[in-house]
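Asks: Shown below is the structure under consideration.
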Amino acid sequence: MQTPVLETGRLVLRPPHADDIDRCAELLGDYQVAKMLSRVPYPYDLEQGRQYLERSVARWENLAEADELGFHIDHEGELIGGLGFKKLQGTPEIGYWLGRAYWGKGFMSEALNAAIGWVFENTIHERLACEAMMENPASIKVMERTGFRPVGEVNCASVSRGETLPAIRSEMTRADFMRGL
């Protein structure tokens, strides 16, 4: 499979680059962003970020064994967020984030539709899952708008907060996504 670059009306979704680290640190260093994510520490740890980006780049180079793949989201040539699929050897789970200045503009719904379409076109997966903390109604709305349907409540560990918070787990099938196109 060729490393993809996905283009939408306003966005470019591309594999991460090691030189994205400064922009990631800037955007993910905002507590309002980090506190809604499960794996991002606060304050943002630059060395951990570098290591994570190195692993993200390497995964695209070894797709057959990757259990996780990420895209960075560019708008007008600037990194504004990211999304990723983990558990690719089972039922993939999608996670996503945007820098605060880009919230409420429909960017994430646009990016998710492109990334989900790519997964269903390029893999045999029949179902995707997604989770969002209950206190994050904007993220829950993005899941619903994209076609995910709630299937239950789960616990979501937040590294930045050092605690576990209630979350909504939602799922989408390939058939549901294709009907929505």
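Asks: Could you list all residues from segment 40-78 that are among the aliphatic types (A, V, I, L, M), outside any helix (DSSP H, G or I) and at pLDDT 95 or above?
Replies: VAL40, LEU69, ILE73
Asks: Check whether at least one residue in segment 85-103 is free of Cβ contacts under 8 Å to residues at least 12 places away in the same chain, under 18 Å from LEU13 (Cβ atoms) and not in a strand (DSSP E or B), and report yes or no.
Replies: No, every residue in segment 85-103 fails to be free of Cβ contacts under 8 Å to residues at least 12 places away in the same chain, under 18 Å from LEU13 (Cβ atoms) and not in a strand (DSSP E or B).
Asks: Could you tell me whether any residue of segment 64-75 is open to solvent by 70 Å² or more (accessible area, probe 1.4 Å) and either of a type in the set (A, V, I, L, M) or free of Cβ contacts under 8 Å to residues at least 12 places away in the same chain (or both)?
Replies: Yes; the residues of segment 64-75 include at least one that is open to solvent by 70 Å² or more (accessible area, probe 1.4 Å) and either of a type in the set (A, V, I, L, M) or free of Cβ contacts under 8 Å to residues at least 12 places away in the same chain (or both).
Asks: Confirm whether GLY70 is in contact with a Pro (Cβ under 6 Å, 6 or more places away or on another chain) and within 30 Å of PRO166 (Cβ to Cβ).
Replies: Answer is yes for this residue.
Asks: Something else now. Could you check TYR102 against (1) open to solvent by 10 Å² or more (accessible area, probe 1.4 Å); (2) aromatic (Phe, Trp, Tyr); (3) touching an Asp or Glu at 6+ places or on another chain (Cβ under 8 Å) and say which number it fails?
Replies: (3)
Asks: Cβ-Cβ under 8 Å, sequence separation 6+ or interchain: first residue in segment 32-52 and within 21 Å of ASP19 (Cβ to Cβ), partner assigned to a helix (DSSP H, G or I) and charged (D, E, K, R). Which pairs?
Replies: Every condition considered, the pairs that remain are VAL33/ARG100.
Asks: Given the residues SER38, SER56, which is the only one that is open to solvent by 30 Å² or more (accessible area, probe 1.4 Å), under 29 Å from GLU163 (Cβ atoms) and either small (Gly, Ala, Ser) or in contact with a Cys (Cβ under 7 Å, 6 or more places away or on another chain) (or both)?
Replies: Being open to solvent by 30 Å² or more (accessible area, probe 1.4 Å), under 29 Å from GLU163 (Cβ atoms) and either small (Gly, Ala, Ser) or in contact with a Cys (Cβ under 7 Å, 6 or more places away or on another chain) (or both) holds for just one of SER38, SER56, which is SER38.
The values are calculated or read from the model by the stated rules, or taken from the named source; none is laboratory data. Nothing here was measured: the structure is a model prediction, and the numbers come from that model. With ideal geometry, Cβ positions are generated from the backbone for all residues, glycine too; neighbour counts draw on all protein chains shown. Accessible surface is based on the protein model in full, side chains and every heavy atom, while ligands, DNA and RNA are left aside. Shrake-Rupley method; radii C 1.70, N 1.55, O 1.52, S 1.80 Å.
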